[in-house]
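Take a look at the structure below.
Coordinate-derived values only; no laboratory data. In this text, all values refer to a predicted model and were calculated from it rather than measured experimentally. Cβ sites come from the backbone with ideal geometry, for glycine too, and all protein chains shown count toward neighbours.
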Amino acid sequence: MKYEAVIGLEVHAQLKTESKIFCSCSAGFGADPNSQACPICMGMPGVLPVVNEKAVEFAIKAGCATHCTIADYSVFARKNYFYPDLPKGYQISQFEEPICSDGYVEIEHNGDIKKIGLIRIHLEEDAGKSVHAEEWVPEEETLVDLNRCGVPLIEIVSQPDIRSPREATLYLAQLKRILEYLEISDCNMEEGSLRCDANISLRPVRTEQLGTKTELKNMNSFKSIEKALDYEITRQTEILNRGEKVQQQTLLWNADENRIEPMRTKEESDDYRYFPDPDLVPLYVTSDRVAQLQKELPELAVEKKRRFMKEFELPAYDAEVLTASKNLAGFFEETVALHANAKAVSNFVMGEVNRYLSENKKGIEKTALTPEKLAQLLDLIESGAINLKTAKLIFPDIVRSDRSPEKIVKQRGLAQVSDESELRQIVQEVVRNNPNETAKYLAGKIKVMGFLVGRVMRATRGKGNPKMVNQLLLEELNKRKHD
């Protein structure tokens, strides 16, 4: 029997506030263990939490950007469970009355636009972290770092509208892009500021009834999310084909061994015994405040992509790549303002710039490359002062140093040879020294032209102006054809 996957994602994004959601402790990452914890984060008796206004604003912005309804009244609740890194024995979250609901995120797959519905976006606090690292603890022992307790989160819960692992990663990429453009989360999956759990079930194709779902956890990259979902689809398919039932449970993805491991039987919402937090008053948000925050939203990636295609006449693929990062999109626009050939800028950014950033695991803002320097480099290519090969050769120096492209070209003696008399002399010498290839060209074997161009470029140590080299070679060969 053929089955259809039904997937819903729960995404936790840490908000980029300076302090935690209910106290003034720093929410920064990387401090010494337990150096950013106070009686409020630790849930000591008698303490009173106070909500962080900036965290509320960030949640509303996320809701506005994803077409959600923003509630004028929402309530914090206690989610009760016991775990070593949850010192209070409960987590402050939202349950029946979240701050945002009924939104959607658009993805593009196989040329079609699809809306992935959002059930809700709600605020909550993060838990602490269990530490198993050898430098801190003896073998088979665990310590707890409470620095993460109380760091503000939004949880974004999708409808079960996703039908494949590929759709899941496209949705996550688009969601990550939205949060980064809003500048409300750094979305660093390696540091745990963006985490994703997946609920997945299978059902026979062309049926409506949902199957038994499992929940996948511990997926810390887009690649591992796609692999884990593929694995679970295969596992559930095999179970159903044997005539057995899928057990509802929580599963962990083991990225080292590319397999799934059972964690526990899945809890239902009743197991958490939600009830309104008695120490926190309900949140009231006015329509005027929502309208004000809506006006503060930046141009998001989807809108920017459409504008790039229209304004700069770029293909959809180029526009998609260039808007993947807000900083990269801004860098592209600033460069085009200085070098008007948008397609030339796009090609170089998608090629050499992105290659360098990927290899060095850096954002464009972490390099010495500026729009001014890239525009100068492209100006040198356009004027014929250097060729594209030379531009690629010196690009690492441009990214790493404060020197201008023109200065680097002069210091390394890489200026392109564009002197016509000098190139004509080299061309004549190449034609004279390669009589067999010249004869083949004159006999109609046009492909030999590439060999002769290569000989000229070698004689100029790659610095010959390619356009002039081709033109002068044709003139010389045609002259011999008529002699």
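Quick notes
- Given their separation in residues at 0.36 nm each and the Cα-Cα distance between them, residue 143 and residue 327 gain 62.4 nm when the chain is fully extended.
- For a modelled paramagnetic label at residue 360, 7 Å from Cα along Cα-to-Cβ, the residues of segment 378-419 in reach, with backbone nitrogen under 11 Å, are 395-402.
- In segment 30-126, chymotrypsin sites (Phe, Trp or Tyr not before Pro) in a DSSP loop with at most 14 other beta-carbon atoms within 10 Å: 81, 82
- Only helical runs count toward this figure. For the chain, summing -39,500 (n - 2.57) over DSSP H runs of n ≥ 4 and dividing by all residues gives -12000 deg cm²/dmol at 222 nm.
- Pairwise label distance in nanometres, residue 479 with residue 411, each label 7 Å out on the Cα-Cβ vector: 4.0
- Which of 41, 23 has the fewest Cβ neighbours within 10 Å, and the rest in rising order: 23, 41
- Sparse-neighbourhood loop sites, GluC sites (Glu not before Pro) in segment 1-78 - DSSP loop, at most 15 other Cβ within 10 angstrom: 18
- Rounded to whole Hz, the Karplus (6.51, -1.76, 1.60) HN-Hα couplings of segment 181-192, x for glycine and proline: 5, 6, 6, 10, 8, 7, 6, 7, 5, 5, 8, x
- Cut-off 11 Å between beta-carbons: net charge of the residues surrounding residue 437, Lys and Arg +1, Asp and Glu -1: +4
- Checking every one of the trypsin sites (Lys or Arg not before Pro) in segment 194-230 against DSSP loop status and a limit of 10 other Cβ atoms within 10 Å picks out 206.
- Positive end of the dipole of the chain (Cβ unit charges, origin at the Cα centre): among 298, 146, 409, the Cα lying farthest that way belongs to 409.
- Modelled FRET efficiency - R0 60 Å, residue 205 with residue 34, Cβ distances, 0.05 increments: 0.70
- Fewest neighbouring Cβ atoms within 10 Å first, the residues 161, 32 line up as 32, 161.
- Charge dipole (debye, nearest 20) of the chain; +1 at Cβ of Lys and Arg, -1 at Cβ of Asp and Glu: 2740
- The relative contact order of segment 340-483 comes to 22 percent, based on Cα pairs under 8 Å that sit 6 or more residues apart.
- About its Cα centre, segment 299-411 has a charge dipole of approximately 340 debye under the convention of +1 per Lys or Arg Cβ and -1 per Asp or Glu Cβ, with nothing else charged.
- Calculated on the alpha-carbon coordinates, the convex hull of segment 275-383 measures out at 182 cubic angstrom per residue.
- Hull volume per residue, based on the alpha-carbon atoms of segment 1-115 and their convex hull, is 198 Å³.
- Phi angles of segment 355-360 translate, via the Karplus equation with coefficients 6.51, -1.76, 1.60 and θ = phi - 60°, into HN-Hα couplings of 4, 5, 5, 5, 5, 9 Hz per residue; Gly and Pro are given as x.
- Set 445/467; 373/407; 362/463; 61/176; 223/310 screened for pairs whose C-alpha atoms are more than 23 Å apart: 362/463; 223/310
- Stokes-Einstein D in µm²/s, Kirkwood radius over Cα pairs - segment 241-333 at 20 °C with 1.002 mPa s viscosity: 110
- Over segment 62-158, the Kirkwood radius and the radius of gyration, each from Cα atoms, give a ratio Rg/Rh of 1.14.
- Note that segment 162-176 has calculated 3J(HN,Hα) couplings of 8, 10, 7, x, 5, 4, 4, 6, 5, 4, 4, 4, 5, 5, 4 Hz, one per residue in order, obtained from phi through the Karplus relation 6.51 cos²θ - 1.76 cosθ + 1.60 (θ = phi - 60°); glycine and proline are x.
- Distant-in-sequence amide H partners of residue 118 (H built 1.01 Å from N, under 5 Å): 103, 104, 105, 159
- For segment 420-482: rounded, prolate or oblate by the Cα gyration tensor [a/c cutoff 1.5]: prolate
- Charge dipole of segment 218-308 about the Cα centre (unit charges at C-beta), most positive-ward option of 252, 219, 272: 219
- Rg over Rh [alpha-carbon atoms, Kirkwood Rh] for segment 159-313: 1.05
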